[in-house]
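Just below is one structure, and these are the notes that go with it.
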Amino acid sequence: MEKTVTKEDENIRLDQWVMSVSGHSRNRVQKMMEQGLILVNGKKGKNSYRVKEQDHITIGEYQEEPMNLDPVEMNLKIVYEDEDVLVVDKENGVVVHPAPGNPSHTLVNGLLYHAKDLSDVNGEFRPGIVHRIDAYTTGLLMVAKNNEAHHFLAKQLSEKTTHRKYIALVWGVITHDTGTIDAPIGRDPKDRKKQTVTSQNSKHAITHFKVLERYSKATLIECVLETGRTHQIRVHMNYIGHPIVNDPVYGKRPILDDSGQCLHASELGFVHPRTHQYMEFHSELPECFVNILNQFKDS
């Protein structure tokens with residue numbers, strides 16, 4: 001694919017521009033950049049480059065790698081582990097399980113290196129995975145090490161008895177101290193890779209939020225999920241006009257750096273499948289989130 005940048009697209013980051021014209025995911029665009037498949041005026045492009053009018057952009061053909069489940073040594077941050085359950089604090093940019101576009105070096109590959117046994121309830125390529133968070137969302141995930149634990153934890157998710165709290169930095173100043181967004185979420189008919197608030201082929205979705213701090217251009221909030229739809233917080237906050245800061249997909253706001261969206265799974269609570277005791281875990285904001293947050297504090 002070869003394209004020439006128009007005046008109306010001038011000053012958009014190259015990775016965002018390529019995503020918009022090609023339909024590729026952020027992860028895929030980054031891999032294409034690394035492989036030298038995206039050229040700007042004949043030279044290898046960089047994610048952060050701001051496109052200019054009349055720039056000639058060449059987007060090469062991306063070849064999918066076959067998905068694999070090879071164990072990979074990774075520096076996983078294990079918060080808790082026993083014979084049934086493992087809780088991991090996921091870093092920014094780590095995809096949870098292999099999928100087209102992200103065939104290897106996922107959290108699952110790291111878990112397979114770390115643990116001898118994981119549940120197989122969710123199929124070959126999702127061993128142990130009870131629930132997911134986005135690649136560029138950081139924070140806490142629970143992992144099942146056997147099928148009995150998996151079924152027990154999954155039942156809590158379906159019955160909405162797990163505790164999941166997120167910290168998010170959103171664009172704009174939210175005037176209400178608290179709020180609840182009750183809006184169904186389904187696949188965006190205009191872009192099959194995105195979710196949107198819609199009444200068509202959608203599922204019930206509820207997000208509760210509370211303002212923690214207000215800045216001149218943004219608001220720090222905590223969100224508690226009552227349901228767990230794909231991209232739920234990102235879609236809901238964008239729906240009310242306050243998209244997540246640094247979200248490359250929703251909201252059409254400027255991307256500040258390559259560190260990922262300012263959304264962090266900070267608390268996770270559930271009843272242990274063997275002891276039936278309630279357990280709750282907490283995670284501090286990662287450095288990538290704090291760095292962006294400080295920019296708004298200082299402005």
| task | Provide GLU222, GLU213 ordered by accessible surface of protein heavy atoms (probe 1.4 Å), highest first. | result | GLU213, GLU222
| query | For the range 1-146, rounded, prolate or oblate, judged on the Cα gyration tensor with a ≥ b ≥ c (square roots of eigenvalues), a/c < 1.5 rounded, else prolate if a/b > b/c? | reply | prolate
| said: Treating only the Cβ of Lys, Arg, Asp and Glu as charged (+1, +1, -1, -1), what charge dipole size does the range 85-232 show about its Cα centre? Round to the nearest 20 debye. | reply: 320
| request: Given the options MET237, MET19, MET142, state which has the largest fluctuation in a GNM of the chain using a 10 Å cut-off (strictly under) for Cα springs. | output: MET19
| message | Springs between alpha-carbon pairs under 10 angstrom, Gaussian network model over the chain: which of VAL121, VAL51, VAL21 fluctuates most? | response | VAL21
| Reachable aspartates and glutamates, given that their alpha-carbon falls under 16 Å from the alpha-carbon of LYS193 and they are not under 8 places away in the same chain | ASP134, ASP247
| said: Please report the net charge: other residues with Cβ closer than 13 Å to the Cβ of MET33, K and R +1, D and E -1. | reply: +4
| request: Show me 54-61, 272-279, 150-157 ranked by packing, highest mean number of other Cβ atoms within 10 Å first. | output: 150-157, 54-61, 272-279
| request: Please figure out what share of the DSSP beta bridges in the chain is antiparallel and state it in percent, rounded to the nearest 5. | output: 95
| query | aspartates and glutamates within cross-link reach of LYS165: Cα-Cα under 14 Å, excluding same-chain residues under 8 positions apart? | reply | ASP89, GLU222, GLU226, GLU267, GLU280, GLU284
| field | Probe 1.4 Å - accessible area at ASP257, Å² to nearest ten | value | 40
| field | the chain, helix-only ellipticity at 222 nm - DSSP H runs n ≥ 4, -39,500 (n - 2.57), divided by all residues, nearest 500 | value | -5500 deg cm²/dmol
| task | Could you list which residues have their amide H under 5 Å from that of SER119, counting only those 5 or more apart in sequence or on another chain, with H placed in the peptide plane? | result | GLY128, ALA144, LYS145, ASN146
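The values are calculated or read from the model by the stated rules, or taken from the named source; none is laboratory data. This structure is a prediction, so every number in the text was calculated from the model and none was measured. Every residue, glycine among them, receives a Cβ derived from its backbone with ideal geometry; neighbour counts consider all protein chains shown. Side chains are part of the model used for accessible areas, which takes the heavy atoms of the whole protein and leaves out ligands, DNA and RNA. Shrake-Rupley method; radii C 1.70, N 1.55, O 1.52, S 1.80 Å.
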